[in-house]
Amino acid sequence: MLALVYFIILAVIAVGAALCVLLSRHPLYGALSLVVSMVSLAGIYGLVGSPFLGVVQIMVYAGAIMMLVTFVIMVLNGAKDKRTPMFDGVSFFIIPAVLVLAAMVGFALLRSTMTFDSATVAGSVKVTSETLFNMASTGPGYFLLFEVIGVLLLSAMVAAIFLAKRHLGSVISENTEDKH
Amino acid sequence: MDIIESKTWVEWLITIGKFAFCFVPVLYILLLIPMERRGAGFMQDRQGPNRSYIKIPYFGKIRLLGYVQNMCDGTKLFFKEMFAPKGANKFLYYVAPAIPFAIVFLSPCVIPWFGPMVFEWGDKSVRIAGSIVDSDVGVLLLFGLSSLSAYGAVLAGWASKSKYSFLGALRTSSMTISYEVCLGLSMMGILLLAGSFNLTDIVNWQEHHAWGIVVQPVAFFCFLIASIAETGRAPFDVAEGEPELVAGYHTEYGAMQFGLFYMGEYSHICINSFLIATLFLGGYSVPFVTTETMQAHMGGSLAILFGVLAFLALAFLHLIYRYSAKLAKRAQSNKMEILQEYKLYKLIAWVAVVVFVALGVCAWLFYNPANFVVNGFAVGSLATAVGTALIHLLVLVVKSVFFCWVWIWVRWTLPRFRYDHVMHLGWKIILNIALINLVVTAVIAKLVGGN
């Protein structure tokens, strides 16, 4: 009962903040709403009995990544966007599609015979690490995925540096052309 | 609901009473601000602000060793008009100072203030954890919250619509991101040794093996530097460096909004010094004595505690007597007022000495409670548990006050780093040392076979 009350409070905050991300015209307000949404999501993680995930959510996403995002927004032009219309012709197709998808997912979730077992979702530090890094051949093999994601991130980083370098080079050449 | 019903009223009383520890950082502000000002005066060979007084009829003026000055400053800040500069983003401008201050109340929740209280109540033995939230994520929660508190500075700088504030905010966000990494990595060694994120377990490990500063000396210094940098104080106060940025992100703030930033900064120092004391200085554990030994000789331990308190009161008396003797010879115009004030302090301190000695003797002679050992835990009465908790709390406070002094000491001793030097130190030196320390610790721990 108590958990349900907490869940409703956190869920309303999370969904409301997510809507604010969509609807706010100011990039900084959007980023802050995203932070609020992430923090309340962390609260929900804690509520279902996996505080480790919740804390990691706060530390990594709300703390570090969103801090970087706000940093970028502030360095770039963080002004209110008045030119882009909120709805245009494409919205007529996208909004019904999103609503139908949401209805389908909700229907499927309601009809499915899911039972909530707190023992299966309880992800303390020990359970999480044991599941993630179980290297036995009979284990779930999540550590392989973990390594693959590491390689993926590394390649993404290399690609970003490559793109940035090329871009920087062109900017410099443009600037020199302007000067001549 | 079964959790609620299975607990007795004593457990609930203590569990709810523990929420009072949320106010510890705020209370520390009262201690830290005079300490900072008089400490700065001490280092610069001057007196520091101590002239404000309260006039008590038929007695004289009371200055409380400079405390009254801080009350005056607080009152001034509190009653000043709040204003926002033209063109500022009003909403964020007013909300920003509240963020670090709100987080101050949340962060003490995972610090163990005393060892787990284990005692007999009725026919069952009860265990109450020393931290408000006894979760196995422990210290990570603290880091998550402290990384959120940087939003206050960042948003304040952006919303003020001032170049100086904005530059300060940018520097704050980059500093926080950089030094959070160093902080986390340098802490990992001791977590690896203790095998837990839970601070109670870490303190327990230190109590039975060795203090963190002994087994992880390199990590200790990395952690100390990174946490000084994270609080944004000199020599790392590039975010509000006066010669470069006026006052950094709070240039445009005044009144209690500035006060909230100010209090947030001092509370952050308090939290970080508690964290260092817990991670590297054995937390609440008494040096050279385990909790079990202490509980087995509760009366004697309490007697020693009161003895220490009586000694501190005597030391204070000594200072007062020495200074009054010096003052009596001088030709200072307000000599008599000060001597009158000191008479009050002497009276209070002598009463305290007598009371402490009497309590100590009583504890030694008449208090010898019986203890039983159940599953390796010493289980005693509620009084024993509370006594142990008090001793633990006092030990932790002493350790953390020492680190608060380190903060002040560093601030008034070292000159400020340049911004690029700070980044260089963080990313190229401390981060690498912390990484190497972590790898070496992991290898040694594996070879020795701990965990």
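Using the Cα centre of chain B as origin and beta-carbon charges of +1 (Lys, Arg) and -1 (Asp, Glu), tell me which of B:Y67, B:M256, B:N437 is placed farthest towards the positive end of the dipole.
B:Y67
To the nearest 20 Debye, how big is the dipole of the stretch B:1-99 about its Cα centre, given +1 on the beta carbon of each Lys and Arg and -1 on that of each Asp and Glu?
Result for the stretch B:1-99 is approximately 740 debye, rounded to the nearest 20.
How well do other chains shield peptide A:49-60, expressed as the mean number of their Cβ atoms within 10 Å of each residue Cβ?
5
In the protein assembly as shown, what % of DSSP beta bridges are antiparallel (nearest 5)?
Beta bridges within the protein assembly as shown, antiparallel portion: roughly 90 percent.
In whole Hz and in residue order, list the ³J(HN,Hα) couplings for the stretch B:56-66 that follow from phi through the Karplus curve 6.51 cos²θ - 1.76 cosθ + 1.60, θ = phi - 60°; x for Gly and Pro.
9, x, 6, 10, x, 9, 10, 10, 6, 6, x
Could you work out the pair-distance distribution P(r) of chain B from its alpha-carbon pairs, with 10 angstrom bin width and percents rounded to whole numbers?
Reading the bins upward from 0: 4, 17, 26, 25, 19, 8, 1, 0.
Over all residues in B:136-148, what is the mean tally of Cβ atoms on other chains that come within 10 Å of each residue's Cβ?
So the per-residue partner count for this stretch is 6.
Tell me, what is the percent relative contact order of the stretch A:11-55, built from C-alpha pairs under 8 Å that lie six or more residues apart?
35 percent
Which is farthest toward the positive dipole end of the protein assembly as shown among B:V386, A:L101, A:L4, measuring Cα position about the Cα centre, with Cβ charges +1 (Lys, Arg) and -1 (Asp, Glu)?
Of the listed residues, the answer is B:V386.
Can you classify the stretch B:82-211 as rounded, prolate or oblate using the Cα gyration tensor, where a ≥ b ≥ c are the square roots of its eigenvalues, rounded means a/c under 1.5, and otherwise it's prolate if a/b beats b/c and oblate if not?
Note, shape of the stretch B:82-211 comes out oblate.
Can you tell me which of B:41-52, B:279-290, A:89-100 comes out highest on packing, and rank the rest after it, using the mean Cβ neighbours within 10 Å?
Ranking, from highest mean packing down: B:279-290, B:41-52, A:89-100.
If you take all C-alpha pairs in the stretch B:262-358, what percent of them are over 23 Å apart?
57 percent
Placing unit charges on C-beta atoms (Lys and Arg positive, Asp and Glu negative, everything else neutral), compute the dipole magnitude of the protein assembly as shown about its Cα centre in debye, rounded to 20.
2280 debye
Greater than 24 Å separation of Cα atoms is the criterion. Which listed pairs, A:K82/B:K86; A:K80/B:K161; B:K76/B:K163; A:K126/B:K446; B:K76/B:K343; B:K18/B:K346, meet it? Please report the intermediate quantities before stating the final value.
Working: A:K82/B:K86 22 Å; A:K80/B:K161 15 Å; B:K76/B:K163 28 Å; A:K126/B:K446 18 Å; B:K76/B:K343 30 Å; B:K18/B:K346 34 Å.
Exceeds cut-off: B:K76/B:K163; B:K76/B:K343; B:K18/B:K346.
Per residue, how big is the convex hull of the stretch B:1-130 when only Cα atoms are used? Give it in Å³.
Residue-normalised Cα hull volume stands at 240 Å³.
Projected onto the charge dipole of chain B (+1 at Lys/Arg Cβ, -1 at Asp/Glu Cβ, origin at the Cα centre), which of B:V133, B:F79, B:A156 gives the Cα projection farthest towards the positive end?
Final value for the positive-end residue is B:F79.
Given the convex hull over the Cα atoms of the stretch B:91-163, what projected area results after averaging over all orientations, in nm²? Before the final figure, lay out the partial values.
On the way: hull surface 26.4 nm².
Averaging across all directions leaves 6.6 nm² for the Cα convex hull.
What ³J(HN,Hα) values, in whole Hz, does the Karplus curve 6.51 cos²θ - 1.76 cosθ + 1.60 give for the stretch B:281-295 when θ = phi - 60°, with x put for Gly and Pro?
With the stated coefficients, the stretch B:281-295 comes to 10, x, x, 7, 6, 7, x, 6, 10, 7, 4, 5, 4, 5, 6 Hz.
Listed highest first by mean packing, meaning other Cβ atoms within 10 Å per residue, what order do B:155-162, B:304-311, A:54-61 come in? Don't jump to the answer; show the numbers that get you there.
Details: B:155-162: 24.9, B:304-311: 17.5, A:54-61: 21.9.
Going from most to least packed, we get B:155-162, A:54-61, B:304-311.
Averaging over all projection directions, find the projected area of the Cα convex hull of the protein assembly as shown and quote it in nm² with one decimal place.
39.4 nm²
For the stretch B:226-287, what relative contact order do you get, as a whole percent, if you take Cα pairs closer than 8 Å and at least 6 residues apart?
Relative contact order of the stretch B:226-287: 23 percent.
Averaged over its residues, how many other protein chain Cβ atoms are within 10 Å of peptide B:110-117's Cβ atoms?
Mean partner-chain Cβ count within 10 Å for B:110-117: 0.
Run the numbers on the stretch B:121-200 and let me know its relative contact order in percent, using alpha-carbon pairs under 8 Å that are six or more apart. List each step's numbers first, then the result.
Details: 44 pairs, mean separation 32.5, N = 80.
The normalised contact order for the stretch B:121-200 reaches 41 percent.
Hey, got the dipole for chain B? About the Cα centre, +1 on K and R Cβ, -1 on D and E Cβ, debye to the nearest 20?
Working: 32 positive and 25 negative charges, 410 e Å.
About 1960 debye.
Spelling out what I want: for every residue of the stretch B:255-270, take phi, set θ = phi - 60°, compute 6.51 cos²θ - 1.76 cosθ + 1.60 (Karplus), and round to whole Hz; glycine and proline get x.
6, 6, 5, 5, x, 5, 4, 4, 5, x, 5, 5, 5, 4, 4, 4
Bear in mind these aren't lab numbers, they're just calculated from the coordinates by the rules spelled out. None of these values were measured; they are calculated from a predicted model. Every residue, glycine as well, gets a Cβ built from its backbone with ideal geometry; the counts of neighbours run over all protein chains shown.
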